[in-house]
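**Student:** Here's a structure for you.
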Number of protein chains: 4
Amino acid sequence: MANAPLFIPLILGTAREGRRSESVAQFMFQQMQALKGVETMMIDVRDYHLRGTDNSERMAVEKRFAKVVNEADGFVIVAPEYNHGYPGELKMLLDMAFDEYAGKPIGICGVSDGGLGGARMVEQLRLVAVALRTVPINQALYFSNIDKGIDPAFERRSIKFFKELLWYAEALKAQRKKSIFIS
Amino acid sequence: MANAPLFIPLILGTAREGRRSESVAQFMFQQMQALKGVETMMIDVRDYHLRGTDNSERMAVEKRFAKVVNEADGFVIVAPEYNHGYPGELKMLLDMAFDEYAGKPIGICGVSDGGLGGARMVEQLRLVAVALRTVPINQALYFSNIDKGIDPAFERRSIKFFKELLWYAEALKAQRKKSIFIS
Amino acid sequence: MANAPLFIPLILGTAREGRRSESVAQFMFQQMQALKGVETMMIDVRDYHLRGTDNSERMAVEKRFAKVVNEADGFVIVAPEYNHGYPGELKMLLDMAFDEYAGKPIGICGVSDGGLGGARMVEQLRLVAVALRTVPINQALYFSNIDKGIDPAFERRSIKFFKELLWYAEALKAQRKKSIFIS
Amino acid sequence: MANAPLFIPLILGTAREGRRSESVAQFMFQQMQALKGVETMMIDVRDYHLRGTDNSERMAVEKRFAKVVNEADGFVIVAPEYNHGYPGELKMLLDMAFDEYAGKPIGICGVSDGGLGGARMVEQLRLVAVALRTVPINQALYFSNIDKGIDPAFERRSIKFFKELLWYAEALKAQRKKSIFIS
């Protein structure tokens, strides 16, 4: 019997008008749709934006997000670096679940107009990933100078990224089935 | 002629309903109102919340925030730690200005239900502070176990915090007058 | 046939005379010796100290360290926080291997004279852990106010720490056997 | 009366044989020697290497280092990134002083064989800089792909780096004279 596919949603982590990260998210999404044994979906932070600050709206949105996180076997996040950190709207989204993340890997793609490809954001986000009880993988993709478009070399570079992500996704899914994550 | 007072706004960095950081912000605000030669105001992230994600709303809110940042001689931020990082709504606010921050100090107060007082959030926020061309001061206040209230010892502890903040605020204000910050 | 035991060395990450972390390392080592299905050994950074800066000494020491790392199924690190970072001698040791770390979990215990238990050091070290292609687990133990000794509550707290560490160690060992780690 | 010159030592932060950061340090040192109103010296971590781990050697080396730190008005650090962190020998050196750093700026140059110029190391080191009660400036120089040599564009890029460093060095020296740093 074939294994059930791994479900790896992609999170687009900026809601700003004119966001260049959207093209990177589309690029990564296409790569992910071509991966064997993987199902994916695009999660756009815009669709989880809180209009206000009261709890009733928050709880409804949290419930919607937590459901997807619960079904996931891992995550890809595509996000720009703003002032060396992650976008606020991405953090608001990630903070909307907790239990559902446990024991799942996260791969991060940084996006930047400059030459460092969001590397500082990736580091900060990795620490959040550990706090969420996920596994931030070693491979990352740094989309530098995004105003000039996506370097075609990222097709090749993404191979190692996905290999590591799926290596963990497979291992940890098997372990989650065998033994409840305790932490 | 007496020096003009230093203007040090306090930023309350969470918008969540039931936020415990509000009591810490009130506590710090009272200390700040008692400081000689200092003027302050409370900046509540709730008052800068973006209802949507289009640029017209953003630009109006950015303009309002940038005006306060421009007038400031330094900042105090009070914020909880969520999953080892800063609240998303705080980051969204901080990203709404840039030029106006240059050469001004920031003191950070972490708030947490646990025993570490938001120390990890403080570290991440310090790196954002450097990116914003501000000076993250060494002293920080870690309000641990906030569900049990504010330890009165923070009155004493805040003295060193404010001394360092004002030491920088005074030095850098003089330098900003003398020579344009270039970076 | 019974599974082979998991080999989880403990690294004591400071070489300083009078180091208080040694008592924490001893405490943790005793807990680890009592874990079923686990074999351990103490790695003291002092035993890998480089007398000079030439390559011949370095290569011999690297070879010795890499051998242990290669055999390990995971790691526990006990280290103090110095100026919010990790001790230099610990970093020198960790940098002495690379390939041998891939796909193994690391649990970190922070030690501090202050009240934050080395939490900032733990965060910095987690990022190094990701760079080394290991998995920094979520659980950490923060030994605060170590000049007053070790709180007996850490016996209970360490249970969750080890449960998570072994959860990953077991899962990743199985995966390393099944499929070469590629990254 | 002319102001006394600012004393800004440059710290070369790796002791490894074959270190490529040495050429970057030499490059920066030459720029610094040409700065008006600045005196400098090269501090090589190799000259502060501890042969053993006993306190008597440490105390002698600490005393020697603390003397230079005390006289300094700011610092430039040139260091490679090893596994996303700073070299252990650099951290061992920096931890050898404390009081002497207070209220002085630090500019950091990252060095890397890869394309990110040591950006992750710079971030970790900035947090250590804050812990040491120094001011990590916003500008940083990222020497990427150092195996291919130093891009001549760094002559121009270093202008902004030094402008910001001296802006702080001057402001904080005046303030240290006027008022003892308290923290």
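**Student:** Take the residues in the range B:162-183 that are surrounded by 20 or more Cβ atoms within 10 Å (Cβ to Cβ) and touching a helix residue (DSSP H, G or I) at 6+ places or on another chain (Cβ under 9 Å); name whichever of them is farthest from the other protein chains (Cβ to nearest Cβ). I'd like the intermediate steps shown before the answer.
**Tutor:** Residues of the range B:162-183 that are surrounded by 20 or more Cβ atoms within 10 Å (Cβ to Cβ), as a first pass: B:162, B:164-173.
Now narrow it down to the ones that are touching a helix residue (DSSP H, G or I) at 6+ places or on another chain (Cβ under 9 Å): B:162, B:167-168, B:170-172.
On the way: B:162: 10, B:167: 6, B:168: 8, B:170: 7, B:171: 3, B:172: 6 Å.
Per the criteria, the residue is B:162.
**Student:** Pull out all pairs, ordered by first then second residue, where Cβ-Cβ is under 9 Å, the residues are six or more apart or on different chains, the first lies in the range B:116-135 and is within 16 Å of residue D:105 (Cβ to Cβ), and the second is at pLDDT below 95.
**Tutor:** Every condition considered, the pairs that remain are B:133/B:181; B:133/B:183.
**Student:** Looking only at residues in the range C:101-160 that are basic (Lys, Arg) and over 22 Å from residue C:171 (Cβ atoms), which one is surrounded by the most Cβ atoms within 10 Å (Cβ to Cβ)?
**Tutor:** Quick first cut of the range C:101-160, residues basic (Lys, Arg) only: C:104, C:120, C:126, C:133, C:148, C:156-157, C:160.
Still in the running and over 22 Å from residue C:171 (Cβ atoms): C:120, C:148, C:156-157.
Details: C:120: 25, C:148: 8, C:156: 9, C:157: 13.
The qualifying residue surrounded by the most Cβ atoms within 10 Å (Cβ to Cβ) is C:120.
**Student:** Check residue A:68 against each of (1) closer than 30 Å to residue A:180 by Cα; (2) of a type in the set (A, V, I, L, M); (3) within 14 Å of chain B (Cβ to nearest Cβ); (4) without any contact (Cβ under 8 Å) to a residue 60 or more places away in the chain and name the one condition it does not meet.
**Tutor:** (3)
**Student:** Only one residue in B:103, B:88, B:117 is under 24 Å from residue B:63 (Cβ atoms) and away from chain A (no Cβ under 14 Å). Which one? Please lay out each step first, then the result.
**Tutor:** Details: B:88 fails: away from chain A (no Cβ under 14 Å); B:117 fails: under 24 Å from residue B:63 (Cβ atoms).
Within the list B:103, B:88, B:117, the selection yields B:103.
**Student:** Of C:57, C:22, which residue is surrounded by 13 or more Cβ atoms within 10 Å (Cβ to Cβ) and more than 20 Å from residue C:109 (Cα to Cα)? Spell out how you get there, then give the answer.
**Tutor:** Working: C:22 fails: more than 20 Å from residue C:109 (Cα to Cα).
Result of the check over C:57, C:22: C:57.
**Student:** If you don't mind, there's one more thing I want to ask. Exactly one of these conditions fails for residue A:86: (1) closer than 27 Å to residue B:49 by Cβ; (2) within 13 Å of the chain's Cα centre (by Cα); (3) without any contact (Cβ under 8 Å) to a residue 60 or more places away in the chain. Give me its number.
**Tutor:** Unmet condition: (3).
**Student:** Out of all the residues in the range A:20-48, which are outside any strand (DSSP E or B) and in contact with a strand residue (DSSP E or B) (Cβ under 7 Å, 6 or more places away or on another chain)? Write out each step before concluding.
**Tutor:** Of the range A:20-48, the ones outside any strand (DSSP E or B) are A:20-37, A:40-41, A:45-48.
Matches in the range A:20-48: A:20, A:21, A:22, A:24, A:25, A:28, A:29, A:32, A:37, A:40, A:45.
**Student:** Then there is this: Out of A:151, A:73, A:147, report the one residue that is away from chain B (no Cβ under 12 Å), assigned to a loop (DSSP other than H, G, I, E, B) and in contact (Cβ under 8 Å) with a residue 40 or more places away in the chain. Show your work before the answer.
**Tutor:** Numbers: A:151 fails: in contact (Cβ under 8 Å) with a residue 40 or more places away in the chain; A:147 fails: assigned to a loop (DSSP other than H, G, I, E, B).
None of the other options fit; the residue is A:73.
**Student:** Taking only the range C:17-44 into account, find how many residues are over 16 Å from the mean Cα position of the chain (by Cα), charged (D, E, K, R) and at pLDDT 95 or above.
**Tutor:** Residues flagged as over 16 Å from the mean Cα position of the chain (by Cα), charged (D, E, K, R) and at pLDDT 95 or above within the range C:17-44 amount to 3.
**Student:** Take the range C:154-183 and flag every residue that is free of Cβ contacts under 8 Å to residues at least 40 places away in the same chain and within 17 Å of residue C:29 (Cα to Cα). Don't jump to the end; show me each part of the working.
**Tutor:** Going through the range C:154-183, the residues free of Cβ contacts under 8 Å to residues at least 40 places away in the same chain turn out to be C:156-157, C:159-160, C:163, C:167, C:171, C:174, C:177-180, C:182.
Of everything in the range C:154-183, those that are free of Cβ contacts under 8 Å to residues at least 40 places away in the same chain and within 17 Å of residue C:29 (Cα to Cα) turn out to be C:156, C:157, C:159, C:160, C:163.
**Student:** Can you tell me which of D:141, D:127 is under 22 Å from residue A:145 (Cα atoms), outside any loop (DSSP other than H, G, I, E, B) and within 14 Å of chain B (Cβ to nearest Cβ)? Even if it seems obvious, please write down each step before you answer.
**Tutor:** On the way: D:127 fails: under 22 Å from residue A:145 (Cα atoms).
Unique residue meeting the criteria: D:141.
**Student:** Going by the conditions given, is residue C:24 touching a residue at least 12 places away in the same chain (Cβ under 8 Å), out of contact with any Lys or Arg (no Cβ under 7 Å at 6 or more places or on another chain), more than 27 Å from residue C:117 (Cα to Cα) and among the hydrophobic types (A, V, I, L, M, F, W, C)?
**Tutor:** Details: touching a residue at least 12 places away in the same chain (Cβ under 8 Å): yes; out of contact with any Lys or Arg (no Cβ under 7 Å at 6 or more places or on another chain): yes; more than 27 Å from residue C:117 (Cα to Cα): no; among the hydrophobic types (A, V, I, L, M, F, W, C): yes.
No: the conditions fail for residue C:24.
**Student:** OK, next. Please go through the range D:85-97 and pick out each residue that is out of contact with any Ser or Thr (no Cβ under 6 Å at 6 or more places or on another chain) and either assigned to a helix (DSSP H, G or I) or buried (at least 24 other Cβ atoms within 10 Å of the Cβ) (or both). Quick ask: steps written out before the conclusion?
**Tutor:** Residues of the range D:85-97 that are out of contact with any Ser or Thr (no Cβ under 6 Å at 6 or more places or on another chain), as a first pass: D:85-86, D:88-97.
Within the range D:85-97, D:85, D:86, D:88, D:89, D:90, D:91, D:92, D:93, D:94 meet the criteria.
**Student:** Against the conditions (1) in contact with a helix residue (DSSP H, G or I) (Cβ under 6 Å, 6 or more places away or on another chain); (2) surrounded by fewer than 20 Cβ atoms within 10 Å (Cβ to Cβ); (3) more than 27 Å from residue D:181 (Cα to Cα), where does residue D:45 fall short? Just the number, please.
**Tutor:** Checking residue D:45 against (1) in contact with a helix residue (DSSP H, G or I) (Cβ under 6 Å, 6 or more places away or on another chain); (2) surrounded by fewer than 20 Cβ atoms within 10 Å (Cβ to Cβ); (3) more than 27 Å from residue D:181 (Cα to Cα), the one that fails is (2).
**Student:** Being under 16 Å from residue B:14 (Cβ atoms) and out of contact with any Pro (no Cβ under 9 Å at 6 or more places or on another chain), is that true of even one residue in the range B:58-77?
**Tutor:** Within the range B:58-77, one or more residues are under 16 Å from residue B:14 (Cβ atoms) and out of contact with any Pro (no Cβ under 9 Å at 6 or more places or on another chain).
**Student:** Still on this model: Of all residues in the range A:137-183, count the ones that are under 19 Å from residue A:111 (Cβ atoms), of a type in the set (A, V, I, L, M) and touching a strand residue (DSSP E or B) at 6+ places or on another chain (Cβ under 7 Å).
**Tutor:** Total meeting the criteria: 6.
The values are calculated or read from the model by the stated rules, or taken from the named source; none is laboratory data. Small disclaimer: the values here were computed from a predicted structure and weren't measured. We place every Cβ from the backbone using ideal geometry, glycine too, and count neighbours over all the protein chains shown.
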